Each structure stands twice: as C-alpha cells, then as structure tokens.
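Chemist: I am attaching a structure below and will ask some questions about it afterwards.
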Amino acid sequence: MNHFVSTIRSNNWDEFRNLYRNLDVLLLDDIQFFENLQGCRDEFFHTFNALYNARKQIVITSDSAPESLSFLEDRLVSRFKWGLLCSIDSPTVETRVAIIEKKASLMNINLTHDFASYLAERLHGNIREIECVIIRLGKELKVPRNTITLDSIKKVIREVTGIKKAASIEAVLYAVSDRFNVSISQLQSKSRMRSLVLPRQVAMHLSRKLTNMSLTEIGGFIGGRDHSTVIHADEKIAKMIKKDKNLLFVLQKIESELQR
C-alpha cells in the first residue's frame with residue numbers, strides 16, 4: 001500500500017507494475033484496509049489477473065469472508081472465490097501458552113510456565129496483542145532491579161487491552177442475569193435448560209475477559225464446572241459475536257456497565 005501511494009506521487013507506474021505482476025508469490029495481508037482506496041483496488045484487480053493467468057500463487061488475508069467485505073466489487077469477490085477459502089480460528093489456550101513461552105524465550109525473558117498460563121488465559125485476542133504484551137514485559141525488565149511479578153503482568157495487560165480495572169465475578173453474574181432476565185442461582189445451577197445455556201456461556205466469557213480469576217476458579221464459581229467447560233463457552237461466544245451483531249451489542253453494553 002505504501003508503494004502504491006509513493007507511485008502515485010512519482011507516477012512511475014511501469015516500474016510498479018513490472019515488479020508486482022512478475023512475482024512468483026504475492027502475499028497480501030489485511031485486504032480490508034483497501035476499503036477507501038478505489039485506485040488501489042483497481043490496480044490490484046489487474047495485478048491479480050496477471051498473476052493468476054501466469055499461474056502464480058496468491059495468498060490474501062482478511063478479517064472477514066470475501067462476501068462480507070461490502071466495499072469490494074463483485075469482480076474481486078468472484079476472483080477470491082476461485083481459490084481455497086480457509087477460516088483461521090483463534091489459537092487455543094494451550095497454543096497461546098506455547099506461543100507466549102516461545103516469544104518470551106526469543107526475547108530472553110525468563111517467564112515461568114505459571115505466568116505464561118496466566119497470560120494465555122487472559123489474552124484471547126490476536127497474536128499481535130500477545131506480542132505487544134511480551135514486548136512491554138521486556139521493556140519492564142530493562143529497568144534496574146525490575147522483575148516480572150503478577151502485579152506487573154496485570155498492569156501490562158490492562159495497558160495493552162485497554163481494560164481499566166478487573167471486575168468481580170459477582171458483578172459479572174449480576175449484570176448478565178439482569179440483561180438476560182435469569183437469576184444468579186440459575187446461572188450457577190446444574191440445569192441445562194436451553195434458556196440458561198447462552199447467558200451462562202456469556203457469564204463465563206465475560207468472567208474470563210474481565211476478572212482476574214483463573215479458568216478453574218471461574219468454573220467453580222459458576223456451578224462447579226471444570227476449566228474445559230469455561231474454555232468451550234469462551235470460544236463459542238467469541239465465534240458467535242463475529243456473526244451475531246445483536247449479541248455483540250449486548251456484550252459491549254455489559255462490559256461498559258462493568259467498567260464504569
């Protein structure tokens with residue numbers, strides 16, 4: 001994108017097109033950023049055709065499926081569907097622990113497994129967020145006599161994720177019960193009534209995101225459930241809010257209330 005902008009200024013289109021239309025592999029990340037760049041989309045359309053006709057490889061990433069990118073012209077959407085479409089889910093807790101430990105090791109940060117697990121349980125966003133936290137922890141260690149503590153980890157998480165303060169699980173359950181018109185005792189019960197499944201999963205998702213409690217503690221408080229149940233609920237709600245805008249709005253309202 002930067003090269004495209006600089007080419008507009010220099011008007012050296014022959015060099016630009018010769019470079020990008022003769023690649024063996026084109027890797028394009030975050031195509032959603034093309035939204036306000038009509039000229040860039042036009043140029044990419046012709047570049048795509050040139051590479052496709054030359055049987056070269058093209059790999060494109062986006063935060064949404066092609067048909068969900070409303071700004072894309074039909075001619076681009078149809079071409080994207082010519083290839084293999086893959087959905088990449090968020091990494092599991094175990095995978096996040098491994099990523100955190102690996103990145104910490106590469107930065108020569110002595111991070112215990114318990115601290116890595118704590119981070120993995122609370123950072124269930126993207127990999128860039130995880131990288132940002134590790135980098136910030138590395139900077140903390142550059143200050144003389146500084147060591148990594150649970151408090152320093154909590155501080156960095158708040159700074160990176162924008163969460164102002166940890167909520168109590170009691171407050172989370174109260175807010176969820178009020179929003180979904182169920183009682184707290186029902187959320188904590190063993191009942192598997194369909195009307196309770198969603199609010200209970202929302203309570204687990206928000207408790208994991210907004211409190212300082214571990215997975216085991218959250219599951220124990222919400223009906224004596226184990227940590228795997230909390231992970232399942234959290235991941236299910238995370239997937240649902242990507243498609244269900246109404247549910248996303250409800251969760252955002254609850255979070256806003258809890259962080260006042």
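Chemist: Residues with amide H under 5 Å of Ile60's amide H, sequence separation 5 or more or different chain, H placed in the peptide plane at 1.01 Å from N; which?
Modeler: Here Leu28 satisfy the definition.
Chemist: For the charge dipole of the chain, defined by +1 on Lys and Arg C-beta atoms and -1 on Asp and Glu C-beta atoms about the Cα centroid, which residue among Val172, Thr61, Leu85 has the Cα displaced farthest towards the positive pole?
Modeler: Val172
Chemist: Sorted by packing (mean other beta-carbon atoms within 10 Å per residue), highest first, where do 213-222, 244-253, 200-209 land?
Modeler: Most protected by this proxy first, the peptides run 200-209, 213-222, 244-253.
Chemist: Next up: Given axes a ≥ b ≥ c from the Cα gyration tensor, I'd like to know whether segment 169-258 is rounded (a/c under 1.5), prolate (a/b larger than b/c) or oblate.
Modeler: Rounded, since a/c falls under 1.5.
Chemist: Quick one: dipole size for the chain, taken about the Cα centre, charges +1 on Lys/Arg Cβ and -1 on Asp/Glu Cβ, in debye to the nearest 20.
Modeler: Roughly 460 debye for the chain.
Chemist: For Leu51, Leu137, which order do you get if you count the other beta carbons within 10 Å of each Cβ and list the fewest first?
Modeler: Least to most surrounded, the residues fall as Leu51, Leu137.
Chemist: Report relative contact order for segment 93-161 in percent, whole number only (criteria: Cα-Cα under 8 Å, sequence separation at least 6).
Modeler: Across segment 93-161, relative contact order equals 30 percent.
Chemist: For segment 2-80, what is the relative contact order in percent, using Cα pairs closer than 8 Å and at least 6 residues apart in sequence?
Modeler: 32
Chemist: In addition: Which one of Ile8, Phe33, Asn22 is farthest out on the positive end of the charge dipole of segment 2-80, using unit charges on Cβ (Lys, Arg +1; Asp, Glu -1) and the Cα centre as origin?
Modeler: Ranked along the dipole, the leading option is Asn22.
Chemist: Sticking with this one: Decide, for segment 31-73, between rounded, prolate and oblate: order the square roots of the alpha carbon gyration tensor eigenvalues as a ≥ b ≥ c, take rounded if a/c falls under 1.5, and otherwise choose prolate if a/b is larger than b/c, else oblate.
Modeler: oblate
Chemist: What does the highest-first list of 190-198, 171-179, 84-92, 29-37 look like by mean Cβ count within 10 Å?
Modeler: Averaged packing, sorted descending, gives the order 171-179, 29-37, 190-198, 84-92.
Chemist: How large is the dipole of segment 1-115 about the Cα centre if only Lys and Arg carry +1 and Asp and Glu carry -1, each at its Cβ, rounded to the nearest 20 debye?
Modeler: My answer is approximately 380 debye.
Chemist: Something else now. So what is the relative contact order for the chain, in percent, with contacts set as C-alpha pairs under 8 Å and at least six apart?
Modeler: 11
Chemist: Moving to a separate point now. To the nearest 20 Debye, how big is the dipole of segment 169-258 about its Cα centre, given +1 on the beta carbon of each Lys and Arg and -1 on that of each Asp and Glu?
Modeler: Result for segment 169-258 is approximately 440 debye, rounded to the nearest 20.
Chemist: In segment 126-238, if the dipole is taken from +1 on Lys/Arg beta carbons and -1 on Asp/Glu beta carbons about the Cα centre, which of His232, Gln186, Asn212 is farthest to the positive end?
Modeler: Asn212
Only the coordinates and a few stated rules stand behind these numbers; no lab work does. Please read all numbers here as calculations on a predicted model, not as lab measurements. Because the Cβ atoms are built from the backbone with ideal geometry, glycine has one as well, and the counts that use them run over all protein chains shown.
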